[in-house]
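Below is one structure, written out as structure tokens; comments come after it.
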Amino acid sequence: MYPFRADLIDSVRSLERRTQIMLAAGVFGGLAAVLGPIVGGWLYLFGGMPKIPDAEALWTINREPAIEFVDRNGVTIGVRGPRYGRVVPVQEMPDHLWQAFLAIEDEGFYRHEGVDQFAILRAAIVNAMQGRTVQGGSTITQQLVKNLFLTPDRTIRRKAQEIRLAGEIEHRLTKDEILTLYLNRVFLGGNAYGVDAAAKRYFGKPATKVTLAEAAMLASLPKAPSRFAPTANLQDALQRQRLVLNRMVEAKFITRAAADAAAREKIVIVQQEPSAEFGYVMDMAAERAKELVGDKAPDLVVRLTVDAKVQRAGALALRETLARDGAQAGAREGALVVMDLKGGVRAVVGGRSYADSFFNRATQAMRQPGSAFKTFVYGAAFEKGMKPWTVKVDAPITIEGWSPKNYDEEFRGSMTLESAYARSINTISAQVAYETGLRNVVAFAQRAGITSKLHPYPAISLGSDVTTLYEMTRAYGAFATGGMRLDPYFITEIDTSRGKSLYRRPAYEQRRVMDEAVARNMNSMMKLVVTNGTGRGAQLPGRETAGKTGTSQSFRDAWFVGFTGDLLGGVWVGNDDEKPMSKVTGGGIPARIWRQAMVVAHEGLKPRPLLLSNEVAPPVDLTPADGDGMAAFYNDLANAFAMVVDPPPTVDAEQPQMQ
């Protein structure tokens, strides 16, 4: 019997462990040799592959938001960013629209599960025979995946991911949902994504209204949007359209007779929207829309108070009048604003050319309003008890070391405030402001709607402080409405392109900022400015019109702000570098621009009367003791005869001489 050897047993066990490890290593090594390339290939093909989000997110993934702007009459005036149009479900499209895309892009769409093996094989054979890629085998689902998630690179990796993701999409969405998503997101040239945007871009109609001929032309675009866009190459577009029609016949979607009739149909391609005319408005609306719904919002449809007809008329009036009259007079720029009497902005023209300058002179240019500011001086005076028939003396005066002068440096003696306002007499405006209280004048103007900084200095009576045309126009609205402050707005609704409501302008009640009697007195005086004073160039045929002209020091700025019973508008003319113009006054170029634009703005509106004073002036005491009253009486009598015999020229006889 052999003795027990523990050392031998340990050696045997150690050998067994080494043998097991070697066997395991061999097995795993063999598996690695076999599986390594497979795993590596899998990681290469699908590593980092995008994840498919929920169905709702598929509408906004990997796309730049766009804003479509619609005017008060439902007319699209422009789009910022890529144009996606409204989302149109496939069930709401004409059958020939979605059928055209299936015929040329994926006739077997409703039969396959995301990948059409037969189409891939057929394309491979054709491409091999041609020696180049002439035909693709991608389904609509694959194209959708590529557009949403992948790069356009033609690699095996991208193709493998495309096929796999297409299968996942098919399991998540129905066929109609996939087709709807594709047709509303596919790029169709002209900065248009989706059939609705493209239909509006090329044919001026929504996708629900396209004809068979138009549908076939849209379906021809995915292959080469730039080449086949009808705006770029109509002949190639028509040739490609006929191919689509033939494919539709082969797929039994339409008859040969229908295809032939569509091929003969004359298609009218609309011109690009003249969005430059609406550039200033769209800038304002885009900024305001971000304030209302945030800058992370999806595609937006923003409905405005702007009237496309009025906006075009305002832009045209500014451009034509400056070209005709401005060059010789040294007036190179201008701006225009039109509002309704609830504050809805109908037009904003910030300059003669948005293409040349994005600077909005209606809202951003701080300029001296000159005598146009006198409206607030007299309004504040009426609050303190003065009346239009109050008599003041036009004579040399000095207020706190400042001596204002009239435009012609003449003095006319005693006259009523009504006459002084219509003639824009500077000395009387200065007296009235000082007697009323300069701080009261500032407070009155701010209540009316001037938000720019105003200073209670004597020269403010002649419009020495700066403000914007937008503010001045808005503040005049307080008179037009009988004392109610206007708070301008230009957005009524904001929706997503899929119809979800994000904003509705809430009900708004205007706030009273002056007594109605004050507003009526001022309106009567402003009417006189237009009928017999410096603003006669702004008269509108058949309508009561009120307003005030303004000219700043050295003819640097010329203004006209006025209103009817329906609409309110303001015009400024000048130069960006504040270079003086050649005697351009508010009653000249600005009044003519105002009139031309407002004639169009009032088309179709029944004339409404102004809110005018019904106060009766007390009889003038013609006793010798009342020297000022007597002088005023004869002064006004002489003026009346002068207007009948020899009407004054249509010029703005005013220019503050500020020191």
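Derivation of every value follows stated rules applied to the coordinates shown; laboratory data play no part. This one's a predicted model, so the numbers in the text were calculated from it and none came from an experiment. Neighbour counts run over all protein chains shown; Cβ positions are idealised from the backbone, glycine included.
Distance between the modelled labels on Glu64 and Asp356, one decimal in nanometres: 2.7 nm (7 Å Cα→Cβ projection).
Over all projection directions, the Cα-based convex hull of the range 310-406 averages an area of 10.2 nm². 3J(HN,Hα) couplings calculated from phi for the range 427-435 with the Karplus curve 6.51 cos²θ - 1.76 cosθ + 1.60 (θ = phi - 60°) are, in sequence order, 5, 6, 4, 5, 4, 4, 4, 5, 5 Hz; Gly and Pro show x.
Normalising by residue count, the range 484-586 has a Cα convex hull of 182 Å³ per residue. A simple rule links phi to the HN-Hα coupling: the Karplus curve 6.51 cos²θ - 1.76 cosθ + 1.60 with θ = phi - 60°, which for the range 140-145 gives 4, 5, 5, 4, 4, 4 Hz, with x for Gly and Pro. Cross-link pairs exceeding 30 Å between alpha carbons, from the set Lys200/Lys296; Lys374/Lys583; Lys387/Lys548; Lys175/Lys290; Lys175/Lys252: Lys175/Lys290.
Taking a ≥ b ≥ c as the square roots of the eigenvalues of the Cα gyration tensor, the range 447-488 is prolate, since a/c reaches 1.5 or more and a/b is larger than b/c. A simple spin-label model places the labels of Glu56 and Ser226 3.8 nm from each other, with each point 7 Å out along Cα-to-Cβ. Binning the alpha carbon pair distances of the range 307-351 at 10 angstrom intervals from zero yields the distribution 29, 46, 21, 5, expressed in whole percent. Its residues counted as N, the range 277-317 yields a C-alpha radius of gyration over 2.2 N^0.38 Å of 1.33. Extension gain, Arg111 to Glu509: 0.36 nm times the residue separation minus the Cα-Cα distance gives 137.3 nm.
Whole-Å semi-axes of the range 341-466's equivalent ellipsoid, largest first, each the root of 5 times a Cα gyration tensor eigenvalue?
Those come to 30, 17, 14 Å.
Multiplying the residue separation of Asp325 and Asp95 by 0.36 nm and subtracting their alpha-carbon distance yields 77.2 nm.
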